[in-house]
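Q: Here it is: the structure, laid out below.
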Amino acid sequence: MIKEAVNYQVPDLHGYYGDFGGAYIPEMLQQNVAELKEQYLKIMAEPAFLQEFDLLLKDYVGRPTPLFKAERLSAEFNTNIYLKREDLCHTGAHKINNTIGQILLAQRLGKTRIIAETGAGQHGVATATVCALKGMECIVYMGEKDIERQAPNVARMQMLGAKVVPATSGSKTLKDATNEAIRDWINHPNDTHYIIGSVVGPHPYPDMVAKFQSVISKEIRIQLKEKTNSELPTHIIACVGGGSNAAGAFYHFLNEPSVKIVAVEAAGMGVHSGMSAATTQLGKQGILHGSKSLLMQTADGQVVEPHSISAGLDYPGIGPMHANLYSSGRGHFISATDDEALDAAFHLSKTEGIIPALETAHAFAVLGKLNLTPSDTVVVCLSGRGDKDLATYMKSIQTHP
Amino acid sequence: MSRVQSIFSTTKQPVLNIYFTAGYPTLDSTLTVMDLLANAGVDIIEIGMPYSDPLADGPVIQESSSIAIANGMTIELLFSQLKACRAQPSLSKIGIVLMGYMNPVLQYGFNRFCADAANAGVDGLILPDLPEYEFEKEYGEIIKAYGLDFIFLVTPETSEERVRKLDSLSTGFLYAVSSSATTGGETSFNLVSNYLQKLQSYQLKNPVMVGFGIKDKASFDAVAANSQGAIIGSAFIKALSNNTSLDELVPSFVKSIRP
């Protein structure tokens, strides 16, 4: 039986995980967010909704994704390492678990127009995909700088029929794309649903996205039981930007004290280099995109532009669930630098024949820092595949023979 | 009676509230702009505290905020600029309201912010991303303790029940957003009239000031016919971005609204 813990898994009625969360939104968003808050749990509990969600996850996304024992990696670290293969999902990452759930929800709310933000483009592609599947209008906001950096994903979104709108305000990256998407929602209060891509934003988004992604840990428990005779690993490891794959991978283990929760943030050029995205190390309590969480900011409360080699971890905040895991000590937060992530990506490719996304590579970069033993069972969430990062990998292929 | 409340009870014509961003167009222009607005006959000045991620604002105000931040504007500096303002005869009676977002205020320290605002002669606060749940639970009492007004926003989508709730929590005035949009957008004033007449029929405790999309005499007069006045922001910021001297520009802008 999976127990629901009030403190770590699920926020209170007002969307708080401990001190973090809430819905710090202007009145212009109130109606949209209130409608979602009143409806999401009801809709997500409807048998017809669950049936369609499960069927699409199975036949369209390709779930359950395998849990693969990485034998060579296990031997190298003298332990037992299992990989949760979210990279094998349709569109190449876990992001689609959430967009499938939200598009079904949007249909039931009577919405006809979908908006989304995207950084690296993975969430944008996953949103454009489900909009094509359901014949819905799709507008994706993407920072002008990211559009230049992620051309293949821009082309994928366009081929899927989405309109990609450059965010030209502020720093012209993910946080600004999110601002523009929220503004679009303010300007379209009736027909539009906003599919947020991570466990961020005003309540109920963090809880809703975590619930859609929780299929990851639900499957891990079943698969581990088959393979090891125990549902519980000793360690579950995932990378964290906003934190959606981590929320999904941790979810059904949060209330199991024996499971060590390991969240890996992007340290960029080094945590204290001034070029980093390690929010729990560098952030202070603050409010961004509608929730109170940890936030990288100046002493005057202006939001700081983070840096990571991986565009998906390049976010100045972190979901409120993770902020609570950090501050309560339930989660162990460590970080990996750009170089460590690159090394890990090449190493995984050569050791197990799997090219991971740069985001995902951060999770593998910490295996050597955990003092693993032969009796440990370690699950790493392999959140996405690395095709989109080939241009970056090619630049350092000479230094990784 | 607060200063803002007395402005509504003594002003015969519709109340004119002009918004500008602190530290824009230049770091030191804050008091100059205020002085010129006051001399031109504006009733309330709304000063924007610049923030890197102003969700409720459109491109014009965001751009002015980015420039103000680059100029070096901070809450700390704004308070030091405002300290002397009430000693100036032109600014002794005008309403001064601060508008901004929660994050910079929380970093400054909410209690300290309210204390320093009151001390600098500020009358009231507009913090669009402070929701009523958190206001009632934590922040409302602090605001009240320092004698500051707090102004909530309502929109055409806000239910009657919620309008009444937000009116009961507000002091000074209630800010009616003309349409569901970010600041600086285009607005249909026929629809706005219906909405404002509905608000009037509620017989609220606070005067209603209309904002978003008010940009000239025609739009000001249109909304003022069914409210106590209006707030002009983006149109004034746009005017400030012209490289004309402030001494000429500010009075002529105000005159174009209220000859």
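Q: If you go through region A:352-373 one residue at a time, how many are in a loop (DSSP other than H, G, I, E, B) and either of a type in the set (D, E, K, R) or on the phi > 0 side of the Ramachandran plot (or both)? Lay out the reasoning, then the answer.
A: Here is the first cut: in region A:352-373, the ones in a loop (DSSP other than H, G, I, E, B) are A:353-355, A:357, A:365-366, A:370-373.
When the remaining residues are screened for being either of a type in the set (D, E, K, R) or on the phi > 0 side of the Ramachandran plot (or both), the result is A:353, A:371.
Residues in region A:352-373 being in a loop (DSSP other than H, G, I, E, B) and either of a type in the set (D, E, K, R) or on the phi > 0 side of the Ramachandran plot (or both): 2 in total.
Q: Another question about this same structure. Taking into account only those residues within region B:18-59 that are of a type in the set (Phe, Trp, Tyr) and touching a Phe, Trp or Tyr at 6+ places or on another chain (Cβ under 8 Å), which is farthest from the other protein chains (Cβ to nearest Cβ)? Explain how you work it out, then say what you get.
A: Within region B:18-59, the subset of a type in the set (Phe, Trp, Tyr) is B:19-20, B:24, B:51.
From what's left, touching a Phe, Trp or Tyr at 6+ places or on another chain (Cβ under 8 Å): B:19-20, B:51.
Details: B:Tyr19: 15, B:Phe20: 19, B:Tyr51: 7 Å.
Ranking the candidates gives B:Phe20 first.
Q: Condition first: within 20 Å of A:Pro26 (Cα to Cα), facing chain B (nearest Cβ under 7 Å) and assigned to a loop (DSSP other than H, G, I, E, B). Now tell me which residues in region A:283-302 satisfy that.
A: The answer is A:Gly301, A:Gln302.
Q: Where in region A:82-176 are there strands (runs of 3 or more DSSP E), lying fully within it, with 3 or more residues that are in contact with a His (Cβ under 8 Å, 6 or more places away or on another chain)?
A: Working: elements: A:113-118, A:137-143, A:163-167.
Result: A:113-118.
Q: While we're here: Any residue that is outside any helix (DSSP H, G or I), in contact with a helix residue (DSSP H, G or I) (Cβ under 7 Å, 6 or more places away or on another chain), at pLDDT below 95 and within 14 Å of chain B (Cβ to nearest Cβ) - is there at least one of those in region A:191-199?
A: Keep residues of region A:191-199 that are outside any helix (DSSP H, G or I), which gives A:191-199.
Narrowing further to those that are in contact with a helix residue (DSSP H, G or I) (Cβ under 7 Å, 6 or more places away or on another chain): A:192-199.
Remaining after also requiring at pLDDT below 95: none.
For region A:191-199, residues outside any helix (DSSP H, G or I), in contact with a helix residue (DSSP H, G or I) (Cβ under 7 Å, 6 or more places away or on another chain), at pLDDT below 95 and within 14 Å of chain B (Cβ to nearest Cβ): absent.
Q: Exactly one of (1) within 21 Å of the chain's Cα centre (by Cα); (2) closer than 30 Å to A:Phe364 by Cα; (3) modelled with pLDDT under 95; (4) within 14 Å of another protein chain (Cβ to nearest Cβ) is unmet by A:Glu117. Its number?
A: The failed condition is (3).
Q: Determine, yes or no, whether A:Val209 is more than 14 Å from chain B (Cβ to nearest Cβ), farther than 22 Å from A:Gln39 by Cβ and either of a type outside the set (D, E, K, R) or surrounded by fewer than 19 Cβ atoms within 10 Å (Cβ to Cβ) (or both).
A: On the way: more than 14 Å from chain B (Cβ to nearest Cβ): yes; farther than 22 Å from A:Gln39 by Cβ: no; either of a type outside the set (D, E, K, R) or surrounded by fewer than 19 Cβ atoms within 10 Å (Cβ to Cβ) (or both): yes.
Taking the combined requirement at face value, the residue does not satisfy it.
Q: Output the number of residues of region B:229-258 satisfying the condition of being closer than 20 Å to B:Lys12 by Cβ and more than 14 Å from the chain's Cα centre (by Cα).
A: Initial filter on region B:229-258 (closer than 20 Å to B:Lys12 by Cβ): B:229-232, B:254-255, B:257-258.
Next, from what is left, pick out any that are more than 14 Å from the chain's Cα centre (by Cα): B:254-255, B:257-258.
Qualifying residue count, region B:229-258: 4.
Q: Based on this model, can you work out whether A:Glu231 counts as free of Cβ contacts under 8 Å to residues at least 24 places away in the same chain, closer than 30 Å to A:Leu41 by Cβ and not polar (S, T, N, Q)?
A: Values: free of Cβ contacts under 8 Å to residues at least 24 places away in the same chain: yes; closer than 30 Å to A:Leu41 by Cβ: yes; not polar (S, T, N, Q): yes.
For A:Glu231, the condition - free of Cβ contacts under 8 Å to residues at least 24 places away in the same chain, closer than 30 Å to A:Leu41 by Cβ and not polar (S, T, N, Q) - is met.
Q: Do you know which residues across region A:222-278 are within 17 Å of the chain's Cα centre (by Cα) and charged (D, E, K, R)?
A: A:Glu265
Q: Let me ask something else. Quick one: would you say A:Ala336 is in the same structural domain as A:Ser74 (by TED's automatic domain parsing) and closer than 14 Å to A:Val264 by Cα?
A: Working: in the same structural domain as A:Ser74 (by TED's automatic domain parsing): yes; closer than 14 Å to A:Val264 by Cα: yes.
Yes: the conditions hold for A:Ala336.
Q: Any chance you could count how many residues in region A:283-299 are crowded, with 20+ Cβ neighbours inside 10 Å and either closer than 16 Å to B:Pro54 by Cβ or of a type in the set (D, E, K, R) (or both)?
A: Quick first cut of region A:283-299, residues crowded, with 20+ Cβ neighbours inside 10 Å only: A:283, A:286-297.
Checking which are either closer than 16 Å to B:Pro54 by Cβ or of a type in the set (D, E, K, R) (or both) leaves us with A:286-290, A:292, A:295, A:297.
Of the residues in region A:283-299, 8 are crowded, with 20+ Cβ neighbours inside 10 Å and either closer than 16 Å to B:Pro54 by Cβ or of a type in the set (D, E, K, R) (or both).
Q: If you don't mind, there's one more thing I want to ask. Looking at B:Val105, B:Val122, which one is buried (at least 23 other Cβ atoms within 10 Å of the Cβ) and either among the acidic types (Asp, Glu) or away from chain A (no Cβ under 14 Å) (or both)?
A: Numbers: B:Val105 fails: either among the acidic types (Asp, Glu) or away from chain A (no Cβ under 14 Å) (or both).
Sole residue among the options that is buried (at least 23 other Cβ atoms within 10 Å of the Cβ) and either among the acidic types (Asp, Glu) or away from chain A (no Cβ under 14 Å) (or both): B:Val122.
Q: Where the second residue is surrounded by fewer than 20 Cβ atoms within 10 Å (Cβ to Cβ) and the first is of a type in the set (Gly, Ala, Ser) and lies in region B:146-158, which pairs have Cβ atoms under 9 Å and are six or more apart or on separate chains?
A: From region B:146-158, the pairs are B:Gly147/B:Ser2; B:Gly147/B:Ala118.
Q: Run B:Thr182 past the list (1) within 14 Å of chain A (Cβ to nearest Cβ); (2) assigned to a helix (DSSP H, G or I); (3) surrounded by 22 or more Cβ atoms within 10 Å (Cβ to Cβ) and report the number of the one that doesn't hold.
A: Going through the list (1) within 14 Å of chain A (Cβ to nearest Cβ); (2) assigned to a helix (DSSP H, G or I); (3) surrounded by 22 or more Cβ atoms within 10 Å (Cβ to Cβ), B:Thr182 breaks only (2).
Q: Evaluate region A:6-21: report whether one residue or more is over 22 Å from the mean Cα position of the chain (by Cα) and in a helix (DSSP H, G or I). Don't jump to the end; show me each part of the working.
A: So in region A:6-21, the residues over 22 Å from the mean Cα position of the chain (by Cα) come out as A:13-14.
Narrowing further to those that are in a helix (DSSP H, G or I): none.
No: region A:6-21 contains no residue that is over 22 Å from the mean Cα position of the chain (by Cα) and in a helix (DSSP H, G or I).
Q: Does region B:60-71 contain at least one residue that is closer than 25 Å to B:Ser2 by Cβ, of a type in the set (Ser, Thr, Tyr) and modelled with pLDDT of 95 or more?
A: Filtering region B:60-71 down to residues closer than 25 Å to B:Ser2 by Cβ leaves none.
No; the residues of region B:60-71 include none that is closer than 25 Å to B:Ser2 by Cβ, of a type in the set (Ser, Thr, Tyr) and modelled with pLDDT of 95 or more.
Q: For region A:102-119, how many residues meet the condition of being within 18 Å of A:Gly384 (Cβ to Cβ), small (Gly, Ala, Ser) and out of contact with any Asp or Glu (no Cβ under 7 Å at 6 or more places or on another chain)?
A: Of region A:102-119, the ones within 18 Å of A:Gly384 (Cβ to Cβ) are A:116-119.
Add one more test, that the residue is small (Gly, Ala, Ser), and what stays is A:116, A:119.
If we keep only those that are out of contact with any Asp or Glu (no Cβ under 7 Å at 6 or more places or on another chain) as well, we get A:116.
Counting residues in region A:102-119 that are within 18 Å of A:Gly384 (Cβ to Cβ), small (Gly, Ala, Ser) and out of contact with any Asp or Glu (no Cβ under 7 Å at 6 or more places or on another chain) gives 1.
Q: Looking only at region B:125-159, which residues are more than 9 Å from chain A (Cβ to nearest Cβ), part of a loop (DSSP other than H, G, I, E, B), within 22 Å of A:Arg183 (Cα to Cα) and in contact with a strand residue (DSSP E or B) (Cβ under 6 Å, 6 or more places away or on another chain)?
A: Correct list: B:Ile151 only.
Q: All but one of (1) in contact (Cβ under 8 Å) with a residue 12 or more places away in the chain; (2) part of a loop (DSSP other than H, G, I, E, B) hold for A:Ser349, so report the exception by its number.
A: Checking A:Ser349 against (1) in contact (Cβ under 8 Å) with a residue 12 or more places away in the chain; (2) part of a loop (DSSP other than H, G, I, E, B), the one that fails is (2).
Q: Here's something else I'd like to know. Would you confirm, using the coordinates I've provided, whether B:Asp43 is under 20 Å from A:Asp300 (Cβ atoms) and of a type in the set (D, E, K, R)?
A: Numbers: under 20 Å from A:Asp300 (Cβ atoms): no; of a type in the set (D, E, K, R): yes.
No, not satisfied.
Q: Next up: Run down A:Pro306, A:Pro320, A:Pro401, A:Pro316 and say which single residue is free of Cβ contacts under 8 Å to residues at least 60 places away in the same chain and crowded, with 24+ Cβ neighbours inside 10 Å.
A: Numbers: A:Pro320 fails: free of Cβ contacts under 8 Å to residues at least 60 places away in the same chain; A:Pro401 fails: crowded, with 24+ Cβ neighbours inside 10 Å; A:Pro316 fails: free of Cβ contacts under 8 Å to residues at least 60 places away in the same chain.
So the residue among A:Pro306, A:Pro320, A:Pro401, A:Pro316 that is free of Cβ contacts under 8 Å to residues at least 60 places away in the same chain and crowded, with 24+ Cβ neighbours inside 10 Å is A:Pro306.
Q: A further question follows. When you scan region B:77-127, how many residues do you find that are farther than 20 Å from A:Gln297 by Cβ, touching a helix residue (DSSP H, G or I) at 6+ places or on another chain (Cβ under 6 Å) and among the aliphatic types (A, V, I, L, M)?
A: 3
Q: Of everything in region B:205-259, what is under 22 Å from B:Thr30 (Cα atoms), in contact (Cβ under 8 Å) with a residue 24 or more places away in the chain and of a type in the set (Ser, Thr, Tyr)? Give them in sequence order.
A: B:Ser234, B:Ser241, B:Ser256
Q: Next question, about the same structure. Taking A:Ile309, is it more than 14 Å from chain B (Cβ to nearest Cβ) and of a type in the set (Val, Ile, Thr)? Even if it seems obvious, please write down each step before you answer.
A: Details: more than 14 Å from chain B (Cβ to nearest Cβ): yes; of a type in the set (Val, Ile, Thr): yes.
Yes; evaluated as a whole, the condition is true for this residue.
Q: Quick check on region A:323-330. Is at least one of its residues modelled with pLDDT of 95 or more, under 28 Å from B:Ala56 (Cα atoms) and surrounded by 20 or more Cβ atoms within 10 Å (Cβ to Cβ)? Give the derivation first.
A: Going through region A:323-330, the residues modelled with pLDDT of 95 or more turn out to be A:323-330.
Add one more test, that the residue is under 28 Å from B:Ala56 (Cα atoms), and what stays is A:323-324.
From what is left, the residues that are surrounded by 20 or more Cβ atoms within 10 Å (Cβ to Cβ) are A:323-324.
Yes, the conditions are met somewhere in region A:323-330.
Q: What tally of residues in region B:23-52 results from selecting those that are among the hydroxyl-bearing types (Ser, Thr, Tyr), part of a helix (DSSP H, G or I) and under 16 Å from the mean Cα position of the chain (by Cα)?
A: As a first pass, look at region B:23-52 and keep what is among the hydroxyl-bearing types (Ser, Thr, Tyr): B:24, B:26, B:29-30, B:32, B:51-52.
Imposing the further condition that a residue be part of a helix (DSSP H, G or I) reduces the set to B:29-30, B:32.
Okay, now just the ones that are also under 16 Å from the mean Cα position of the chain (by Cα), so B:30.
Residues that pass the stated criteria total 1.
Q: Here is a follow-up. Quick check: is even one residue across region A:223-238 outside any helix (DSSP H, G or I), touching a Leu at 6+ places or on another chain (Cβ under 9 Å) and within 30 Å of B:Gln107 (Cβ to Cβ)? Even if it seems obvious, please write down each step before you answer.
A: Pass one, region A:223-238, residues outside any helix (DSSP H, G or I): A:229-238.
Still in the list and also touching a Leu at 6+ places or on another chain (Cβ under 9 Å): A:230-235, A:237.
When the remaining residues are screened for being within 30 Å of B:Gln107 (Cβ to Cβ), the result is none.
No, region A:223-238 contains no residue that is outside any helix (DSSP H, G or I), touching a Leu at 6+ places or on another chain (Cβ under 9 Å) and within 30 Å of B:Gln107 (Cβ to Cβ).
Q: If you check B:Gln81, B:Gln62, B:Gln88, which single one turns out to be under 19 Å from the mean Cα position of the chain (by Cα), among the polar types (S, T, N, Q) and either more than 11 Å from chain A (Cβ to nearest Cβ) or surrounded by fewer than 20 Cβ atoms within 10 Å (Cβ to Cβ) (or both)?
A: Working: B:Gln62 fails: either more than 11 Å from chain A (Cβ to nearest Cβ) or surrounded by fewer than 20 Cβ atoms within 10 Å (Cβ to Cβ) (or both); B:Gln88 fails: under 19 Å from the mean Cα position of the chain (by Cα).
Result: B:Gln81 is the single residue among B:Gln81, B:Gln62, B:Gln88 that is under 19 Å from the mean Cα position of the chain (by Cα), among the polar types (S, T, N, Q) and either more than 11 Å from chain A (Cβ to nearest Cβ) or surrounded by fewer than 20 Cβ atoms within 10 Å (Cβ to Cβ) (or both).
The values are calculated or read from the model by the stated rules, or taken from the named source; none is laboratory data. What you see is a predicted model; the values in this text were computed from it and never measured. Note that each Cβ is placed from the backbone with ideal geometry, even for glycine, and that neighbours are counted across all protein chains shown.
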